[in-house]
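Peer 1: Questions regarding the structure given below will be posed in turn.
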Amino acid sequence: MAITITNTSPLWVSLPHQNNSTNGINHFINPFLCFKPISITSPKLSNFMLSTDLRTSAMRDKPISLEVTDCNNKIRQFCEDGKLKEAVDLLCRSLSSNLELGTYCLVLQCCAEHKSLREGRRVHSAISSNILRVDSVLGAKLVFMYVICGDLVEGRKIFDKIANEKVFLWNLLIKEYSKVGDFKEGVYLYNKMKEFGVEPDSYTFTSVLKCFSGLGLLEEGEKAHGCLLKLKFGADNVVVNSLISFYFKFEMLESAQKLFDELLDRDVVTWNSMISGYASNGCSRKAIEVFKQMTCADVLPNLTTMICVLAACADISALELGKMLHGYATKIGCDHDLTCNNTLLDMYSKCGDLDSTVQVFENVGDRNIVSWTSMIGKYAREGLYDAAVKLFHEMKNKGIVPDAFAVTTVLNACASSGLLDDGKEVHDYVRKHNMLSDTSICNALMDMYIKCGSMEDAELVFSQLLKVDTISWNTMIGGYSKNGLPSEALTLFQEMQCDLKPDGVTMSSILPACASLAELESGKQIHAYVLRNRLFSDQYVANAIVDMYVKCGQLGSARLAFDMISKKDLISWTIMIAGYCIHGLGNEAITTFNGMRTEGIEPDENSFTSILYGCVHSGLLNEGRRFYYIMEKECNIELKLDHYICMVNLLANAGRLTEAYKFIQSMPLKPDAAVWGSLLQGCRTHHDVKLAEKVAEHVFELEPDNILYYMLLGIIYEEAKTWEKVNWLKKRISHLGPKKNPVCSWIEVKEKVQIFIAGNTKAHPEYKKIEMFLKKLRARLKNENYSLKAKYALVDAEEVKKEACVCGHSEISAVTFGVLNLAPGKTIRVTKNSRVCRECHETAKFISKACGREIVLRDSHRFHHFKDARCTCKG
């Protein structure tokens, strides 16, 4: 900006060099007495500073050297011409006796205008070399230069050394501290200013209120409000706007509204403050209402208004209004602003309008990282994961360097769709660009690998973390739980406690691992921790506790925890319903289901799946029919294969085999092997060989290599004594072998888990004791004529041996271990990772009666409660 200086008389008069007393300084008019302070960001910096009259009449009678005048004039001319470097060069070469104080001030002013910290430091160095006294005038100029040029630290050092009785410098520093987020220092200066007797002005309050809100100091802010009212700044627009923002920050909406209502002269900033305040407090509809009032008041919206209202539209999915605002923004030229375009992208994205989102994105000429990331995120939310990854690579090719948010967004897209190779490619990019020090990126990488099923890669990232935060621990613990590694999850949970305090997410991640392992004691300890640390109010944690007790066979404890949940959601109810179902308590499940609907919570497809399975396990055909009708006709829920399987099971178990067959034929979905297999099992139960053969052909067509279905048909033939068909079937499946699944059972005794692996029970330290007990048990069984004949005539002796290895009867070994090691009367709880075989089921029934013990056996399908030779599954 050009600076005009007249030469009719000298503007600056230097101090006599031989006398540096403060009396000489007092001849100068202080530059901060002749103006009203304005914002430091004003474009009129030079006019503002040159309005200061540094001329003095006290020394005009003294002769002034032409050489001195010429030197000062040359420096001023350089400043006027914008030649800052030449001005500073000449200043540094000149003798201090040749320069006036005003010349130093003018050059410092130009350094501030050009934001040239380098030249400003050179001037400061010259001042120090010439041993000039840095008083309130020169010091103020130095502070001003350093702060405007971005060196707040050096500016503060000088400020602390000079007489700073003028409010302008205090305002300058308080504002700068508020801008850089050092609110504590801003408040400190405000309090010091009052101690020194410097009276705040309107600009003081606009800055310090921001500091108070940043620190959460409501009471201090309210005191400042009282102070500014006493100083009669209550009608100042800028001050009131700051107060409105302050009260919105503390969610004091009524106080902000009252200030707005009392302000007569509202400007566009006032309206924007109200719109932004309501939107940021989750009151987007109110924000839009204020916007409509603004337009009725004939106040023209500006760019900020558009951005705030569009953000509010995004929050409540007000697509039509958003489109109208888009049109208005285009009309007033706001559509050329990048921030406005990014807000439009966000609005259309959150409103679900993919086409408009793409159109806005393509029309943005100069896209920044926010634009690209918004579009990538939109594709990911729409399930277009390949498009999201492709756009990420396109962004890189355009020369846009992805930030942490962009990287985590594309990694989440890879995780959601199982795009492991693409995720690894992003990992390579992160590694090459040294982004692995960002914990959020590493956490996203671990999450991606976990959801893609690559725990080894997730472990590698975790092991190389420079800083492990709570999210890192939770991600890995949850990953182990979800990937069928519950023991590893529990081990990592123990390690975490040596480093960080677990939170609610940790609890909801580790509890499923306890449930998976039936680690009841560990689950109880975690429950106690949750209660001690008041984490039970977390819905996810509470639901996980109920689920843990259900899967550990403690239905009573599950119900107590369920009843403690103050506000039960759909998941809470569904867990409890499913709990009753897998324990064979169908009537209790129905009562709970009805209670959920009474509470006004409508079931979803998972709730109906649970209640239908409950009806199956308890043989409640009519109730099952009713729920099927409610689901299809009243709740309009799309039926899935699981629902059809339940209905086939219900009909087949009730002996309605022909009806079940017709039901399958009428299904709108193509039945899979599980649907036909359910009916085949029903044919076995009710000895219908003819229908079984018809059903079996459907099963064999869908799964020709599944030996279990052949064995089931073989048992049906054997029970019907049709031996020629048994032999025919043996020849048909001679090339198939038994499935080789690693089967095991386990029991927890004295806080230690004992594992019994099928085919390798001899490896257990107490194998001999267990075998001795079972030998006596078999003798007793024989004496009581208790038949445990296994139905394996379909396969030869060698195959029978193989099948025995697969089953291994590991659950009976675990039950026996419990009988031998648990206190009399204590319930024996055993878990098996496959279905219990018929022989083991009958043996467990006999043990429950012979030893007078209650046995809870959880297999891969359901819970079996054995007591007095009876089981809750009813066979």
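Peer 1: Answer with one residue from Ala406, Asn474, Tyr549: the one whose Cα lies farthest towards the positive end of the charge dipole of the chain, charges on Cβ with Lys, Arg +1 and Asp, Glu -1.
Peer 2: Final value for the positive-end residue is Tyr549.
Peer 1: Can you give the alpha-carbon Rg of segment 266-364 over 2.2 N^0.38 Å, where N counts its residues?
Peer 2: 0.99
Peer 1: Run the dipole for segment 165-250 about the Cα centre, Lys and Arg Cβ at +1, Asp and Glu Cβ at -1, nothing else charged, and hand back the magnitude in debye, nearest 20.
Peer 2: The dipole of segment 165-250 has a size of about 100 debye.
Peer 1: Need one number: nm distance between label points at Leu466 and Lys721, each 7 Å from Cα along Cα→Cβ, rounded to one decimal.
Peer 2: Each label point lies 7 Å from its Cα, and together they span 8.1 nm.
Peer 1: To the nearest 20 debye, what is the magnitude of the charge dipole of segment 351-422 about its Cα centre, counting +1 on the Cβ of each Lys and Arg and -1 on the Cβ of each Asp and Glu?
Peer 2: Computed charge dipole of segment 351-422: roughly 140 debye.
Peer 1: Using the alpha-carbon centroid of each, what span in Å lies between segment 678-716 and segment 257-320?
Peer 2: Comparing the Cα centres of segment 678-716 and segment 257-320, I get a distance of 69 Å.
Peer 1: Follow-up. Decide, for the chain, between rounded, prolate and oblate: order the square roots of the alpha carbon gyration tensor eigenvalues as a ≥ b ≥ c, take rounded if a/c falls under 1.5, and otherwise choose prolate if a/b is larger than b/c, else oblate.
Peer 2: In terms of gyration-tensor shape, prolate.
Peer 1: Trypsin sites (Lys or Arg not before Pro) within segment 431-491: which are DSSP loop residues with at most 16 other Cβ atoms inside 10 Å?
Peer 2: Lys467
Peer 1: Please name which of Tyr629, Ser848, Ile716 has its Cα lying farthest along the dipole of the chain towards the positive end, using unit charges on Cβ (Lys, Arg +1; Asp, Glu -1) and the Cα centre as origin.
Peer 2: In the chain, that residue is Ser848.
Peer 1: Using the alpha-carbon atoms, what tilt in degrees (0 to 90, nearest 10) does helix 253-262 show relative to the longest principal axis of the chain?
Peer 2: It works out to around 30 degrees.
Peer 1: Stretch Asp70-Arg778 to full length: gain in nm at 0.36 nm per residue minus the Cα-Cα span?
Peer 2: Separation in residues times 0.36 nm, less the Cα-Cα distance, equals 242.7 nm.
Peer 1: What ranking of Ile757, Ile75, Ile127 emerges when the number of other C-beta atoms within 10 Å of each C-beta is taken as an exposure proxy, fewest first?
Peer 2: Result, fewest neighbours first: Ile757, Ile127, Ile75.
Peer 1: Oh, and also: Among DSSP beta bridges lying fully in the chain, give the percent that are antiparallel, nearest 5.
Peer 2: Given both bridge residues lie in the chain, the antiparallel proportion sits at roughly 80 percent.
Peer 1: Can you list, bin by bin at 10 Å, the percent of alpha carbon pairs in segment 400-504, starting at 0?
Peer 2: 15, 50, 28, 6, 0
Peer 1: Continuing with the same structure: Each residue of segment 301-312 in order: what ³J(HN,Hα) in whole Hz does its phi give by Karplus 6.51 cos²θ - 1.76 cosθ + 1.60, θ = phi - 60°, with x for Gly and Pro?
Peer 2: x, 10, 4, 4, 4, 4, 5, 5, 6, 5, 5, 5
Peer 1: From the square roots a ≥ b ≥ c of the eigenvalues of the alpha-carbon gyration tensor of segment 341-412, which class results: rounded (a/c under 1.5), prolate (a/b over b/c), or oblate?
Peer 2: Cα axes put segment 341-412 in the oblate bin.
Peer 1: So how tilted is helix 136-148 from the main axis of the chain? Cα-based, degrees 0 to 90, rounded to 10.
Peer 2: The answer is roughly 30 degrees.
Peer 1: Determine the calculated [θ] at 222 nm for the chain from helices alone, applying -39500 (n - 2.57) to every DSSP H run no shorter than 4 residues and normalising by the residue count; nearest 500 deg cm²/dmol.
Peer 2: -20000 deg cm²/dmol
Peer 1: Sticking with this one: How long are the three semi-axes of the equivalent ellipsoid for segment 630-744, computed from the Cα gyration tensor as the root of 5 times each eigenvalue, in whole Å, largest first?
Peer 2: Taking √(5λ) for each eigenvalue gives 28, 17, 12 Å, largest first.
Peer 1: Could you work out how much longer the chain between Ala528 and His393 gets when fully extended? Use 0.36 nm per residue separation minus the Cα distance between them, nm to one decimal.
Peer 2: Contour length minus Cα-Cα distance gives 43.8 nm.
Peer 1: Another question, then. So what are the three principal axis dimensions of segment 165-250 from its Cα atoms, in whole Å, longest to shortest?
Peer 2: 32, 28, 20
Peer 1: Next up: Using Cα-Cα distances under 8 Å and only pairs 6 or more residues apart, what relative contact order does the chain have, in percent?
Peer 2: 4 percent
Peer 1: Let me ask you something else. Taking the Cβ of Leu857 as the center, what net charge do the other residues with Cβ under 9 Å away carry, scoring Lys and Arg +1 and Asp and Glu -1?
Peer 2: Net local charge, Leu857 excluded: +1.
Peer 1: Mind giving me the nanometre distance, one decimal, between the label points for Ser666 and Asp499, set 7 Å out from Cα along Cα→Cβ?
Peer 2: Simple spin-label model gives 5.9 nm for this pair.
Peer 1: For segment 517-661, what class follows from the C-alpha gyration tensor (a ≥ b ≥ c being the square roots of its eigenvalues): rounded when a/c is under 1.5, otherwise prolate if a/b is larger than b/c, else oblate?
Peer 2: Verdict is prolate for segment 517-661.
Peer 1: Could I ask something else about it? Explain nothing, just the number: dipole magnitude of the chain about its Cα centre with +1 on each Lys and Arg Cβ and -1 on each Asp and Glu Cβ, in debye rounded to the nearest 20.
Peer 2: 2820 debye
Peer 1: Run the numbers for Lys769 and Glu632: contour at 0.36 nm per residue of separation, minus the present Cα-Cα distance, in nm.
Peer 2: The Lys769-Glu632 span can extend by a further 43.8 nm.
Peer 1: Please report Leu411, Leu169 as a ranked list, fewest other C-beta atoms within 10 angstrom at the top and most at the bottom.
Peer 2: Ordered by Cβ neighbours within 10 Å, fewest first: Leu169, Leu411.
Peer 1: Would you calculate the separation in nanometres between label points at Gln77 and Arg732, each defined as 7 Å from the Cα along the Cα-to-beta-carbon direction?
Peer 2: Here the answer is 11.2 nm between the modelled labels.
Peer 1: Another question about this same structure. Based on Cα positions only, what radius of gyration and what Dmax would you give for segment 662-720, in angstroms?
Peer 2: Both quantities, over Cα of segment 662-720: 11.0, 35 Å.
Peer 1: Once both axes come from the Cα atoms, what is the angle between helix 385-397 and the longest principal axis of the chain, in degrees from 0 to 90, rounded to 10?
Peer 2: The angle comes out near 30 degrees.
Peer 1: Please arrange Trp746, Trp728, Trp372 by how many other C-beta atoms lie within 10 Å of their C-beta, fewest to most.
Peer 2: With the fewest neighbours first, Trp746, Trp728, Trp372 line up as Trp728, Trp746, Trp372.
Peer 1: Right, something else. Wrap a convex hull around the Cα atoms of segment 213-254, take a quarter of its surface area, and give that in square nanometres.
Peer 2: Taking a quarter of the hull surface, the average projection is 2.9 nm².
Computed from the coordinates by the stated procedures, all read-outs in this text should not be read as laboratory data. This is a predicted model, so every value here is computed, not measured. Here the Cβ is made from the backbone with ideal geometry for all residues, glycine too, and neighbour counts use every protein chain on show.
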